[in-house]
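Q: Take a look at this one; I'll ask things after.
The values are calculated or read from the model by the stated rules, or taken from the named source; none is laboratory data. The shown structure was predicted, so the numbers you read here are calculated from the model rather than taken from an experiment. Note that we place each Cβ from the backbone using ideal geometry, even for glycine, and neighbour counts take in every protein chain shown.
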């Protein structure tokens with residue numbers, strides 16, 4: 001079943017379009033990573049899909065409904081969003097921050113039901129933040145804060161999860177932990193995931209499909225095995241890399257190549 005259908009999407013900001021004529025569709029349970037250089041339009045795509053940009057043309061359909069015709073409350077029932085930058089939550093505890101994911105669907109003045117509280121508890125358990133429930137959110141480490149952001153999105157219980165650079169500014173251990181959690185969501189809940197990502201190896205290891213952006217245009221989409229090649233990385237990122245199969249997964253991974261001067265150094 002097609003969950004997210006994007007047709008001829010162009011989007012940007014006051015000074016013009018960053019993203020131009022992008023079309024793709026995601027099925028239920030897809031895990032797709034969007035790769036490209038800084039400025040290629042990855043974050044713009046994530047924002048445009050959920051109608052956060054005023055400068056936007058084209059059509060986005062979520063579960064058969066046009067996103068631009070949906071209220072913010074209706075959209076929150078279908079799509080959850082994890083932004084790139086964590087905003088400290090001042091005096092709120094972790095549990096209060098995660099509970100905000102339910103208010104996105106119900107409104108702040110509505111009393112939470114037992115099912116709402118169950119959804120919050122399930123989200124904290126899945127994101128492994130239950131032990132932090134009483135901790136002030138403003139005092140979290142980078143990895144903890146990222147997991148709390150994702151828990152808040154999970155509490156919305158939406159079928160589509162959009163993430164902007166989920167591994168940004170995290171240590172390797174936290175990067176892998178976040179992506180393992182996302183894959184668990186995909187497998188167990190059939191959540192459809194679209195993540196803008198800068199780490200090629202993470203994307204190749206955990207996502208089912210890739211979309212490659214260059215200068216605001218969708219240059220290619222397909223499996224990691226098909227798209228992660230030296231030629232493709234050179235074209236999209238303007239970087240020289242080696243590509244080899246991961247000895248455990250068999251999936252392609254890249255390693256950087258030093259320049260000639262560095263390679264000749266003792």
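Q: Can you name the strands (runs of 3 or more DSSP E) wholly within the range 142-214 that have at least 3 residues being over 28 Å from residue 92 (Cβ atoms)?
A: Working: elements: 160-164, 192-196, 209-214.
Those strands (runs of 3 or more DSSP E) span 209-214.
Q: Which of the residues that make up the range 33-42 are in contact (Cβ under 8 Å) with a residue 60 or more places away in the chain, farther than 20 Å from residue 59 by Cβ and over 12 Å from the mean Cα position of the chain (by Cα)?
A: Hits for the range 33-42 are 36, 37, 38, 40.
Q: Scan the range 254-264 and give yes if some residue there is part of a strand (DSSP E or B), modelled with pLDDT of 95 or more, under 21 Å from residue 29 (Cβ atoms) and in contact with a strand residue (DSSP E or B) (Cβ under 6 Å, 6 or more places away or on another chain), otherwise no. Can you show your working first?
A: Within the range 254-264, the subset part of a strand (DSSP E or B) is 254-256.
Pick out the ones that are also modelled with pLDDT of 95 or more and you get 254.
Among the residues that remain, those that are also under 21 Å from residue 29 (Cβ atoms) are: none.
Within the range 254-264, none of the residues are part of a strand (DSSP E or B), modelled with pLDDT of 95 or more, under 21 Å from residue 29 (Cβ atoms) and in contact with a strand residue (DSSP E or B) (Cβ under 6 Å, 6 or more places away or on another chain).
Q: Of the residues 167, 207, which single one is buried (at least 23 other Cβ atoms within 10 Å of the Cβ), more than 29 Å from residue 106 (Cα to Cα) and either touching a residue at least 60 places away in the same chain (Cβ under 8 Å) or within 13 Å of the chain's Cα centre (by Cα) (or both)?
A: Values: 167 fails: buried (at least 23 other Cβ atoms within 10 Å of the Cβ).
Criteria check complete, one pass: 207.
Q: Tell me, please, whether a residue that is under 27 Å from residue 78 (Cβ atoms), more than 13 Å from the chain's Cα centre (by Cα), loosely packed, with under 15 Cβ neighbours inside 10 Å and without any contact (Cβ under 8 Å) to a residue 24 or more places away in the chain can be found in the range 245-262.
A: Step one: list which residues in the range 245-262 are under 27 Å from residue 78 (Cβ atoms), which gives none.
Checked the range 245-262: no residue is under 27 Å from residue 78 (Cβ atoms), more than 13 Å from the chain's Cα centre (by Cα), loosely packed, with under 15 Cβ neighbours inside 10 Å and without any contact (Cβ under 8 Å) to a residue 24 or more places away in the chain.
Q: Also, quick follow-up: Please go through the range 14-57 and pick out each residue that is farther than 23 Å from residue 203 by Cα and in contact with a helix residue (DSSP H, G or I) (Cβ under 8 Å, 6 or more places away or on another chain).
A: 51, 53, 56
Q: Could you tell me whether the range 228-240 includes any residue that is surrounded by fewer than 11 Cβ atoms within 10 Å (Cβ to Cβ), part of a loop (DSSP other than H, G, I, E, B) and in contact (Cβ under 8 Å) with a residue 12 or more places away in the chain? Before the answer, list the steps.
A: Here is the first cut: in the range 228-240, the residues surrounded by fewer than 11 Cβ atoms within 10 Å (Cβ to Cβ) are 231, 238.
Still in the running and part of a loop (DSSP other than H, G, I, E, B): 238.
Those left that are additionally in contact (Cβ under 8 Å) with a residue 12 or more places away in the chain: 238.
Yes - at least one qualifying residue is present in the range 228-240.
Q: Having 3 or more residues that are closer than 17 Å to residue 84 by Cβ and modelled with pLDDT of 95 or more is the bar; report the strands (runs of 3 or more DSSP E) wholly within the range 1-60 that clear it. So that I can check it myself, show each step before the final result.
A: On the way: elements: 2-13, 16-27, 31-35.
Passing ranges, in order: 31-35.
Q: Can residue 119 be described as crowded, with 20+ Cβ neighbours inside 10 Å, touching a helix residue (DSSP H, G or I) at 6+ places or on another chain (Cβ under 8 Å) and either at pLDDT below 90 or assigned to a helix (DSSP H, G or I) (or both)?
A: Numbers: crowded, with 20+ Cβ neighbours inside 10 Å: yes; touching a helix residue (DSSP H, G or I) at 6+ places or on another chain (Cβ under 8 Å): yes; either at pLDDT below 90 or assigned to a helix (DSSP H, G or I) (or both): yes.
Here the answer is yes, as residue 119 does meet what is asked.
Q: State all residues of the range 76-99 that are in a helix (DSSP H, G or I) and modelled with pLDDT under 90; if no residue qualifies, say none. Let's see the steps before the verdict.
A: Here is the first cut: in the range 76-99, the ones in a helix (DSSP H, G or I) are 76, 94-99.
Listed by number, the list holds a single entry, 76.
Q: Would you confirm, using the coordinates I've provided, whether residue 49 is more than 19 Å from residue 211 (Cα to Cα), in contact with a strand residue (DSSP E or B) (Cβ under 6 Å, 6 or more places away or on another chain) and buried (at least 22 other Cβ atoms within 10 Å of the Cβ)? So that I can check it myself, show each step before the final result.
A: On the way: more than 19 Å from residue 211 (Cα to Cα): no; in contact with a strand residue (DSSP E or B) (Cβ under 6 Å, 6 or more places away or on another chain): yes; buried (at least 22 other Cβ atoms within 10 Å of the Cβ): yes.
No; evaluated as a whole, the condition is false for this residue.
Q: Which is closer than 17 Å to residue 194 by Cβ, touching a residue at least 60 places away in the same chain (Cβ under 8 Å), buried (at least 19 other Cβ atoms within 10 Å of the Cβ) and touching a strand residue (DSSP E or B) at 6+ places or on another chain (Cβ under 7 Å), of 60, 82? Walk me through it before giving the result.
A: Values: 60 fails: touching a residue at least 60 places away in the same chain (Cβ under 8 Å).
So the residue among 60, 82 that is closer than 17 Å to residue 194 by Cβ, touching a residue at least 60 places away in the same chain (Cβ under 8 Å), buried (at least 19 other Cβ atoms within 10 Å of the Cβ) and touching a strand residue (DSSP E or B) at 6+ places or on another chain (Cβ under 7 Å) is 82.
Q: Determine which single condition residue 109 fails, assuming it passes every other condition in (1) at pLDDT below 95; (2) over 25 Å from residue 245 (Cβ atoms); (3) in a helix (DSSP H, G or I).
A: Residue 109 satisfies all of (1) at pLDDT below 95; (2) over 25 Å from residue 245 (Cβ atoms); (3) in a helix (DSSP H, G or I) except (3).
Q: Go through the residues of the range 150-161 one by one and say whether even a single one is buried (at least 24 other Cβ atoms within 10 Å of the Cβ), modelled with pLDDT of 95 or more, farther than 22 Å from residue 246 by Cα and touching a helix residue (DSSP H, G or I) at 6+ places or on another chain (Cβ under 7 Å).
A: Looking for residues that are buried (at least 24 other Cβ atoms within 10 Å of the Cβ), modelled with pLDDT of 95 or more, farther than 22 Å from residue 246 by Cα and touching a helix residue (DSSP H, G or I) at 6+ places or on another chain (Cβ under 7 Å), one finds at least one in the range 150-161, hence yes.
To keep it simple, each residue is scored yes or no on (1) within 14 Å of the chain's Cα centre (by Cα); (2) within 23 Å of residue 72 (Cβ to Cβ); (3) crowded, with 18+ Cβ neighbours inside 10 Å.
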| residue | (1), (2), (3) |
| --- | --- |
| 6 | no, yes, yes |
| 9 | no, yes, yes |
| 13 | no, yes, no |
| 16 | no, no, no |
| 21 | no, no, no |
| 27 | no, no, no |
| 31 | yes, no, yes |
| 44 | yes, yes, yes |
